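S.K.: After the structure tokens below, expect a handful of questions from me.
Where a number appears in this text, it was derived from the coordinates with a stated rule and is not lab data. Being a predicted model, the structure only gives us computed values, none of them experimental. No Cβ is skipped: glycine too gets one built from the backbone with ideal geometry, and neighbour counts run over all protein chains shown.
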Amino acid sequence: MNAPWKANMPGNRDPFNAFVCDENTLDALRPVVIELGWPPEKCNKGGLRNAVQSLSISASPNILLVDLSESGDPLNDINGLAEVCEPGTVVIAIGQVNDVRLYRDLLASGIHDYLLKPLSPTALRDTLTQAQLVFSQPKALDGNAPKQHISTAVVGTRGGVGASTLATSLAWIFSSDYKRPTALFDLDVHFGTGALTLDLEPGRGLTDAIDNPSRIDSLFIERAMIRANDNLAILSAEAPINSPLMTDGAAFAQLEEEFRHAFEMTVIDLPRNMLINFPHLLADVNVVVLATELTLASARDSIRILSWLKANAPHAQPIVVANRVQTGVSEISKADFEGSIERKIDWMVPYDLKAAANAAKLGQTFVEANRSSKASAAIREIAGAVLGAGETAEAADPVKKVKPSLLGSLDLKALMNKKGNRKAPVEPAE
């Protein structure tokens, strides 16, 4: 069946399962199933309705045979089956209605074949054998094959710098402008705004995953994530603030692994405290978008986070984005900021309060609600850079740096002194 986001991946699922309506069909089916090496107990009594009920709480098999004899509206019921059936499952339908139009409509809906009752052992054996070949034949290479998965983490140097705005906007651009199946992973478990930005209820998917990591698999991902558009799904939470986060982070890593199989893009809204507590979250991240402001505090924390990334995630390309930039009113200049962090700011996103208010009013991401704004244009350029970083060999190269000033890492201290002879921070020893 053609479920969203995932290509045909049989994995470790049961090879076969059947739901038929009558004993005569069971008697005809079991010998063929045994001959093909499958357990006969996978032949169940009950038709399509029982199949839907069973698959709603368990994983789908590689090959599924369902009886439509008791179905009043076979096409509509098959569509209901598709909603609970994992992607990659080959569905064979059987029934009593000998109608060419029905046969063609069923094939168009995504099933593999339709057989008439009473079942012929020869026809049944041939159909099941052909269904097995679906998993053994090599996949043809073509231009429409899934592209390399790109994982992007968006980290804010401080609260309020707009990291979540960037994360939701980038995810929307990947899914809408580039038509890439995209997962938005909001890891601010208690106060995340990803679902709120998209005008969605967050659901319980993320909290359920944290509480029960053993449940995480492809089926869990499909049911736990909330669909924002045809190519974008979000996993987030609004956990009770009286419930502290009790996890070793294994659930987060497992979720990221499932995203790599199910999507082409993952955007992680990663609070900086999560970066500290669960450094393994960046193990397979390709790009880190560091959202900052032109302030002393953000300059200090940009230095610290960039240093941390160099030591703990050297494979991830950092992209520094100065967000909410107001001409002439920045706390420190762009040149001084770049001198402090010893590298260029990659993008400057202008401050646009009116556009931000418009997005909140419409319940849309910033770039969706304000397609023609200068800030949206900058964010679209950032999205293009993320795609380029993930898809080219240059992604592994260090980002170009500014030639260090004579003061080098002391620039920040000098800036602090300019602001009133305050004590410069002492960086803890590594």
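S.K.: List the pairs from 179/310; 310/361; 42/179; 334/354 whose alpha-carbon separation is above 30 Å, in the order I gave them.
M.R.: From 179/310; 310/361; 42/179; 334/354, over 30 Å: 179/310; 310/361; 42/179.
S.K.: Show me, for region 231-247, the HN-Hα J-couplings you get by feeding each phi into the Karplus relation (A = 6.51, B = -1.76, C = 1.60, θ = phi - 60°), rounded to Hz, glycine and proline as x.
M.R.: 10, 10, 10, 10, 10, 8, 7, 10, 5, x, 6, 8, 10, x, 6, 10, 7
S.K.: Using each residue's phi in region 255-265, evaluate 6.51 cos²θ - 1.76 cosθ + 1.60 at θ = phi - 60° and report the 3J(HN,Hα) Karplus result to the nearest Hz, with x for Gly and Pro.
M.R.: Residue by residue, region 255-265 yields 5, 4, 5, 5, 4, 4, 7, 9, 10, 8, 10 Hz.
S.K.: Rounded, prolate or oblate: which fits region 175-242 when a ≥ b ≥ c are the square roots of the eigenvalues of the alpha-carbon gyration tensor, with rounded for a/c under 1.5 and prolate only if a/b beats b/c?
M.R.: The shape class here is oblate.
S.K.: Would you mind computing, in nm to one decimal, how far apart the modelled labels at residue 280 and residue 223 are, each placed 7 Å from Cα along Cα→Cβ?
M.R.: About 2.6 nm, to one decimal.
S.K.: Based on other C-beta atoms within 10 Å, arrange 225, 274 from fewest to most.
M.R.: Ascending number of Cβ neighbours within 10 Å: 274, 225.
S.K.: Is the shape of region 16-136 best called rounded, prolate or oblate, per the rule: a/c under 1.5 gives rounded, else a/b larger than b/c gives prolate, else oblate, with a ≥ b ≥ c the square roots of the Cα gyration tensor eigenvalues?
M.R.: Verdict is rounded for region 16-136.
S.K.: Hey, another quick one. Taking neighbour Cβ counts within 10 Å as the exposure measure, how do 347, 172 sort from fewest upward?
M.R.: 347, 172
S.K.: Show which aspartates and glutamates lie in cross-link reach of residue 374 when reach means a straight Cα distance below 18 angstrom and same-chain residues fewer than eight apart are skipped.
M.R.: 177, 293, 346, 352
S.K.: Also, I was wondering about something else. Residue 248 to residue 54: FRET efficiency via 1/(1 + (r/R0)^6), r the Cβ-Cβ distance, R0 30 Å, to the nearest 0.05?
M.R.: In this case the efficiency is close to 0.35.
S.K.: What distance in nm lies between label points placed 7 Å from Cα along the C-beta direction at residue 23 and residue 374?
M.R.: Spacing of the two 7 Å Cα→Cβ label points: 8.1 nm.
S.K.: Let me ask something else about it. Kindly identify region 150-418 as rounded, prolate or oblate by the Cα gyration tensor criterion: order the square roots of the eigenvalues as a ≥ b ≥ c, call it rounded if a/c is under 1.5, otherwise compare a/b with b/c, prolate if a/b is larger, else oblate.
M.R.: It comes out prolate by the Cα gyration axes.
S.K.: Remind me, relative contact order of region 150-418 in percent, using alpha carbon pairs under 8 angstrom and six or more residues apart?
M.R.: RCO, region 150-418: 25 percent.
S.K.: I need the calculated FRET efficiency for the pair residue 129 and residue 212, taking r as the beta carbon distance and R₀ as 35 Å, to the nearest 0.05.
M.R.: Efficiency, rounded to the nearest 0.05: 0.35.
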